[in-house]
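K.L.:
First, the structure itself, so that you have it in front of you.
The values are calculated or read from the model by the stated rules, or taken from the named source; none is laboratory data. Treat the numbers as computed from the prediction; the structure is a model and nothing was measured. Heads up, the Cβs are rebuilt from the backbone with ideal geometry, glycines too, and the neighbour counts pull from every protein chain shown. Heads up: the accessible areas ignore ligands, DNA and RNA and are worked out on the full protein's heavy atoms, side chains in. Shrake-Rupley method; radii C 1.70, N 1.55, O 1.52, S 1.80 Å.
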Amino acid sequence: MKEKITEQSIRLFEKKGFSETSIQDIVDSLGVTKGTFYYYFSSKEELLMDIHYKYIKNLVENQEKILHNDKNNCKAKLSEIVHMLIGNIDIQGQSAKIFFREMKNLKPEHLEKIIPLRDQFRINIEELIKKGIEKGEFKNHLNAPIIALGILGVTNWSYQWFKTGGSMSAKEVSDMFVDMILNGIAGH
């Protein structure tokens, strides 16, 4: 039931927004009582924090797997991370939208669980870029923190416009982003 409440809440938050969705809306849509909701969550915000935590924890875990694959060089790892981020938005579009759009509704004590994971994800990209610079895979004049933020800006913002089943697949969008990040857009 906890998963059903979470899944239905994600749909409602995506459609109506967190603030506009009441606990009553959630339980009515599932045909259960508020008591059922409160058995699993102490508040609507705890539910939102749970959604955020699961989303970012999953991303960090997948990123760590990519980073620990010693068979790939830094360029390949960066490419895999971009593909993973866009693929995640493709598969979990509603959760991604909630993660990026509704973070403002989390209280400081809930953000304390989310922000370190979000920061770790960014720092992992920075470290990968620094390593790639050291190995000569990336230009040596790059500022790794700025490049990491740029990559995250490009990929994370796609939750706003990317549509599953649209004119381009997640792989096509990811390939285009990877080409732009690794090769730029200047003609030869």
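K.L.:
Looking at region 1-53, which of the residues that are charged (D, E, K, R) and without any contact (Cβ under 8 Å) to a residue 24 or more places away in the chain is surrounded by the most Cβ atoms within 10 Å (Cβ to Cβ)? Before the answer, list the steps.
P.N.:
From region 1-53, those charged (D, E, K, R) are 2-4, 7, 11, 14-16, 20, 25, 28, 34, 44-46, 50; that's our starting set.
Next cut, without any contact (Cβ under 8 Å) to a residue 24 or more places away in the chain only: 3, 7, 15-16, 20, 25, 28, 34.
Values: Glu3: 8, Glu7: 14, Lys15: 11, Lys16: 12, Glu20: 10, Asp25: 16, Asp28: 12, Lys34: 12.
Ranking the candidates gives Asp25 first.
K.L.:
When you look at Ile114, is it hydrophobic (A, V, I, L, M, F, W, C) and within 16 Å of the chain's Cα centre (by Cα), yes or no? Please lay out each step first, then the result.
P.N.:
On the way: hydrophobic (A, V, I, L, M, F, W, C): yes; within 16 Å of the chain's Cα centre (by Cα): yes.
It is true that Ile114 is hydrophobic (A, V, I, L, M, F, W, C) and within 16 Å of the chain's Cα centre (by Cα).
Yes or no, residue by residue, for (1) modelled with pLDDT of 95 or more; (2) closer than 30 Å to Gly184 by Cα; (3) polar (S, T, N, Q); (4) part of a helix (DSSP H, G or I):
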{"position": "Ile5", "(1), (2), (3), (4)": "yes, no, no, yes"}
{"position": "Phe37", "(1), (2), (3), (4)": "yes, no, no, yes"}
{"position": "Lys57", "(1), (2), (3), (4)": "yes, no, no, yes"}
{"position": "Glu64", "(1), (2), (3), (4)": "yes, yes, no, yes"}
{"position": "Lys71", "(1), (2), (3), (4)": "no, yes, no, no"}
{"position": "Val82", "(1), (2), (3), (4)": "yes, yes, no, yes"}
{"position": "Gly87", "(1), (2), (3), (4)": "no, yes, no, yes"}
{"position": "Lys104", "(1), (2), (3), (4)": "no, no, no, yes"}
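K.L.:
If you don't mind, another one. Across region 132-144, what is the total count of residues that are among the aliphatic types (A, V, I, L, M) and either crowded, with 16+ Cβ neighbours inside 10 Å or touching a Lys or Arg at 6+ places or on another chain (Cβ under 6 Å) (or both)? Break it down into steps so the answer makes sense when it comes.
P.N.:
To start, the set of residues in region 132-144 that are among the aliphatic types (A, V, I, L, M) comprises 133, 142, 144.
Subset that is either crowded, with 16+ Cβ neighbours inside 10 Å or touching a Lys or Arg at 6+ places or on another chain (Cβ under 6 Å) (or both): 133, 144.
The number of residues fulfilling the criteria is 2.
K.L.:
Exactly one of these conditions fails for Ser42: (1) in contact with a helix residue (DSSP H, G or I) (Cβ under 9 Å, 6 or more places away or on another chain); (2) outside any helix (DSSP H, G or I). Give me its number.
P.N.:
Of (1) in contact with a helix residue (DSSP H, G or I) (Cβ under 9 Å, 6 or more places away or on another chain); (2) outside any helix (DSSP H, G or I), only one is false for Ser42: (1).
K.L.:
Further question: Out of region 7-23, which residues are out of contact with any helix residue (DSSP H, G or I) (no Cβ under 7 Å at 6 or more places or on another chain) and in a helix (DSSP H, G or I)?
P.N.:
Taking region 7-23 and keeping what is out of contact with any helix residue (DSSP H, G or I) (no Cβ under 7 Å at 6 or more places or on another chain), we get 7, 15-17, 20, 22.
If the condition is that a residue be out of contact with any helix residue (DSSP H, G or I) (no Cβ under 7 Å at 6 or more places or on another chain) and in a helix (DSSP H, G or I), then Glu7, Lys15, Lys16 are the ones that fit.
K.L.:
So, one more: Looking at Ile151, Ile129, Ile147, which is the one that is under 20 Å from Asn73 (Cβ atoms), crowded, with 18+ Cβ neighbours inside 10 Å and more than 18 Å from the chain's Cα centre (by Cα)?
P.N.:
Numbers: Ile151 fails: more than 18 Å from the chain's Cα centre (by Cα); Ile147 fails: more than 18 Å from the chain's Cα centre (by Cα).
Criteria check complete, one pass: Ile129.
K.L.:
Ok, one more. Which of (1) in contact (Cβ under 8 Å) with a residue 40 or more places away in the chain; (2) open to solvent by 20 Å² or more (accessible area, probe 1.4 Å); (3) within 19 Å of Ile151 (Cα to Cα) is the odd one out, the single condition Lys113 does not satisfy?
P.N.:
The number of the failed condition is (3).
K.L.:
Report, by residue number, each residue of region 161-179 that is open to solvent by 70 Å² or more (accessible area, probe 1.4 Å), assigned to a helix (DSSP H, G or I) and in contact (Cβ under 8 Å) with a residue 12 or more places away in the chain.
P.N.:
Lys171
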